[in-house]
């Protein structure tokens, strides 16, 4: 079984649209060859469009075959890598590159002459955008490695949280305050990084809020939750299950509780979370009755 946070692209409509356009374009070449000869500018545009559609369709087919083979080979075991994520992002890069070349062809620009004439400019661009280029390369290394995965809890420098996305420029980390922190990919290779869930993520948080008036009796809630979760079959039993104050507002207080489950299954985490929420609702009801 492959464990990944990357959402699978199962929508076939974009591929079918490209395929239909490609078929119509080839049909126009076959039946309207004279028309294109009489309109050389339109002929160049059609050549550029043909190159883009052909390459994009081949990339999509190759992407599908590679991912299918990969999934088939690893269907019986857990995989922590970002192979699918890397293939998807690499396909985007290839499509963008071909789109630029197709654009040049459509406007009658020879891509080889264009690249040759801009060699010096290209070197200057490479120096100017060196950080972004190195971040892009680092991002590809991360995507195709099994050291970090979407969903892992990591600590990079002073930033600590769960990886929610990996792109060509940065790791997107959601910290414990639910803030999104963008950490440049280069930091993964130049700074110490701790993967807190390399063995699969079993740590999860339960967060809730209560009226500020109820804070004076929150110790009762903490004890009832501890009693509820003591010797729980889904928890490891290594946590002290203490409520921690996250934020205090004008008329509310936000709390969180950290715990380790025996499984990394989100279904298990949600079940424990629901049990805690029920206990919180019971405490809130009893408090309202007393007051």
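No value in this document is a laboratory result; all are computed from the given coordinates. Every value quoted in this text rests on a predicted model; they were computed, and no experiment measured them. Glycine also receives a Cβ, built like all others from the backbone with ideal geometry; neighbour counts cover every protein chain displayed.
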Looking at the chain as a GNM with Cα springs under 10 Å, which of 171, 16, 229 has the largest mean-square fluctuation? 16
Per DSSP H run of n ≥ 4, the term is -39500 (n - 2.57); total these for the chain, divide by its residue number, and report the mean residue ellipticity at 222 nm rounded to 500 deg cm²/dmol. -17500 deg cm²/dmol
Can you pull the three principal axis extents for the Cα set of segment 131-197, in Å, largest first? 31, 21, 19
Checking 249, 108, 139 against a Gaussian network model of the chain (alpha-carbon springs below 10 Å), the top fluctuating residue turns out to be 249
Please give the FRET efficiency for residue 160 paired with residue 232, using the beta carbon to beta carbon distance and R0 = 30 Å, rounded to the nearest 0.05. 0.70
Residue 137 versus residue 291: modelled label distance in nm, points set 7 Å from Cα along the beta carbon direction: 6.0
Give me the Debye-computed log₁₀ of I(q)/I(0) at q = 0.08, 0.12, 0.13 Å⁻¹ for the chain, equal point scatterers on Cα only, no solvent, two decimals. -0.57, -0.94, -1.03
Residue 112 paired with residue 18, simple spin-label distance in nm, labels 7 Å along Cα-to-beta-carbon: 2.6
So what's Rg/Rh here for segment 13-117, counting alpha carbon atoms and using the Kirkwood radius for Rh? 1.12
Estimated inter-spin distance, residue 242 and residue 209, nm [label 7 Å along Cα→Cβ]: 2.4
Mean 1/r over all different Cα pairs, inverted: what Kirkwood radius does segment 217-291 give, in Å? 13.4
